Amino acid sequence: MAGRNLVDIRVILLLLLLTLHCHSQSFENGKTHKYSYSTNVVFNEANSGGKKDVGYYLSTEFDLSPVFQAGDEQLMKLQVTSAVLSSVSRPDLTNALATLLKYPVYFELSDGTVGRVFGPEKESVFCSNLKKGIISLFQMQNKDGNREELDVSGDCKVSYVKTGSTVTKTKHGCQNLEIAGQYINPNKLFGVSVSSTSTTQYEMLGTVIQTAQGIHHSVATVNIKSSINTAATAQQSLQHISSLVGKPTEQGSSIDDKVTHLGKDLGLSLTSTLLPSGTEVQTCLDNCQKPIDVLRNLKESLVSDKLATAESGKAFIELLRTFRNTGKLTIEEILTNTDSYYIVPQLIDVGAATQTPFAQRAMMDLVQFEQDYSTEYPERLLLALAYSTHPGEYLLKDLINLMKKKLPNVNIQESVAMATGAVIHTYCQYPDQCQHEIVKEYKQLIRKMLKDCDDDSCTLRHLRSVGNAGLAEFLPELLTIAQNNKNPAVSLAAVQALRRMDKDFLKDQVTIGAMIINGWMKLESEVLQGGMNFTAESEAVIDFKTDVDFSNMPFKMCLQMMRPPLQY
């Protein structure tokens, strides 16, 4: 009887494993799958009243293959092999969309979930968005359930219903996730309400999608007058054509390393983005102004005397829109134009608020960090970047590269370190992003720098960066420094660096329950005087008393008082 029970248990476990395997959507390594894809996108008013639709029809074929595998995660390559575009109103007029064929795109796929998308930096937003639309169809769960997904439409609520080999995916409530946040009007009455529904039906063969038929309907309405609206309807069709034996799929531990090698092999710079679509650059058709003319019209509204006025705020927003729809070279032209001479700090603020790769590249090329005698513009840019709301990996790479350099000015070194920590904290608000290689690189770098510091000012600089980052992994180092360092200012900085960590986490992890610090200190550009007693007890209380004077850096002290979680 015991033997029979053992066999029964093994059969049950085997069936369970097979069931789990069926639920996991993946592609067989070493195979290339050829698909056809078509989409029909039309625009009109919600109640068109017989008005003609406008839009386009796109027909493509593409190859899809796994090129690399790290654990359960596959790096997929999508290469469009043909693309034809036509007008809905004039279907007889067709045009080969050759630009869509030029570059491949790569994306992470794990258990039916699409992670990061890697595309050439030079590819247009239009082509990138079309490819993301195709990739989005491969994000599906081969089982019943409800979940939230990052989709080409944004952050969506999704439900799945499985019937035999058919899976129906319904998504709704999608929230736009543009790289610089959604564009909104402060007055909700003049804002826009958007509603959308989407349904896609899949036919599966094992773990491979055979067909997908979908329809997506969106309506945007001006709140103050619902008759002013726009409706968009998109129909999609995906069809599996064939499977061929392709190149062997490499195995390894790091997708980031593989992407770097792919970029070098292709002679391209591959940038990492999430699946939500990017912002299209709008082309002006009527009453157009060149970006440089926009600057000339707005420069008097941006001068220092008009800061914190409605006029200045309106000009800032108008110029921000211009920057977001502008490439790197045009932004550089604006920043170096003679009309910018008296408003450079304000333009740096606009450039940082733009939060696009083009603006970031222009700012980094023009602002000089390696000069000891001029710190106003670098400090201004770093301060603005520290408050980025949607930082991309490209921004972290720039900041970490600056940390690695031996910059001649100590104040800039400190600002770089603290800005990097602040951006890391914001970047990690999406938990998946906190596992990216760029965050691991920051952790390794800051640990090495703390270890290599040969004076207290260096240690303080990097402790403040750790405090801004608020990563729990640094807790052991911070406690060790707080208890053992002979300089009371350093011990204080280590305690302050705990401020962004979760209180419940600290309660569970910290064996020393109380840190009682009494004392005073005076800070100018460095710690000049200090007197402090540091003791630790096993009570659940933290008693902190200090009198701090940042006499040489008043703007930093002001910032710290206004935004306690961020030290600058």
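One residue stands out among those in the range 295-322 that are at pLDDT below 90 and either among the hydrophobic types (A, V, I, L, M, F, W, C) or touching a strand residue (DSSP E or B) at 6+ places or on another chain (Cβ under 9 Å) (or both): the one that is surrounded by the most Cβ atoms within 10 Å (Cβ to Cβ), which is LEU307.
Would you confirm, using the coordinates I've provided, whether THR230 is assigned to a strand (DSSP E or B), over 30 Å from SER165 (Cβ atoms) and either open to solvent by less than 60 Å² (accessible area, probe 1.4 Å) or not acidic (Asp, Glu) (or both)? Yes: the conditions hold for THR230.
Restricting the search to the range 112-156, which residues are within 16 Å of the chain's Cα centre (by Cα) and surrounded by fewer than 18 Cβ atoms within 10 Å (Cβ to Cβ)? Within the range 112-156, GLU121, VAL125, ASN129, ASP155 qualify. Figure legend. Inter-residue proximity from the range 207-220: first residues small (Gly, Ala, Ser), second residues not in a strand (DSSP E or B), beta-carbon distance below 6 Å, spacing 6+ or different chains. Indicated pairs: ALA212/LEU137.
Selection of the range 450-483 for residues being closer than 20 Å to LEU407 by Cβ, open to solvent by 40 Å² or more (accessible area, probe 1.4 Å) and part of a helix (DSSP H, G or I) yields LYS451, ASP452, ASP456, SER457. Looking at the range 370-408, which of its residues are among the aromatic types (Phe, Trp, Tyr) and either assigned to a helix (DSSP H, G or I) or open to solvent by 80 Å² or more (accessible area, probe 1.4 Å) (or both)? Result: TYR373, TYR377, TYR394. Filtered by the rule that a residue be in contact (Cβ under 8 Å) with a residue 40 or more places away in the chain and either outside any strand (DSSP E or B) or open to solvent by 30 Å² or more (accessible area, probe 1.4 Å) (or both), the range 82-111 gives VAL88, LEU100, TYR103, PRO104, ASP111. Among the residues of this structure, PRO345 counts as one that is part of a helix (DSSP H, G or I), open to solvent by 10 Å² or more (accessible area, probe 1.4 Å) and either of a type outside the set (A, V, I, L, M) or not assigned by the TED database to the domain that holds PRO291 (or both). Out of LYS264, LYS299, LYS258, one residue alone is in contact with a Ser or Thr (Cβ under 9 Å, 6 or more places away or on another chain) and among the basic types (Lys, Arg). It is LYS299.
Checking the condition of a type in the set (Ser, Thr, Tyr), in a helix (DSSP H, G or I) and within 19 Å of TYR103 (Cα to Cα), which residue from THR330, THR260 passes? Walk me through how you get there before you give the answer.
Details: THR330 fails: within 19 Å of TYR103 (Cα to Cα).
So the residue among THR330, THR260 that is of a type in the set (Ser, Thr, Tyr), in a helix (DSSP H, G or I) and within 19 Å of TYR103 (Cα to Cα) is THR260.
The values are calculated or read from the model by the stated rules, or taken from the named source; none is laboratory data. This structure is a prediction, so every number in the text was calculated from the model and none was measured. Because the Cβ atoms are built from the backbone with ideal geometry, glycine has one as well, and the counts that use them run over all protein chains shown. All accessible areas refer to the heavy atoms of the entire protein, side chains included, with ligands and DNA or RNA removed. Shrake-Rupley method; radii C 1.70, N 1.55, O 1.52, S 1.80 Å.
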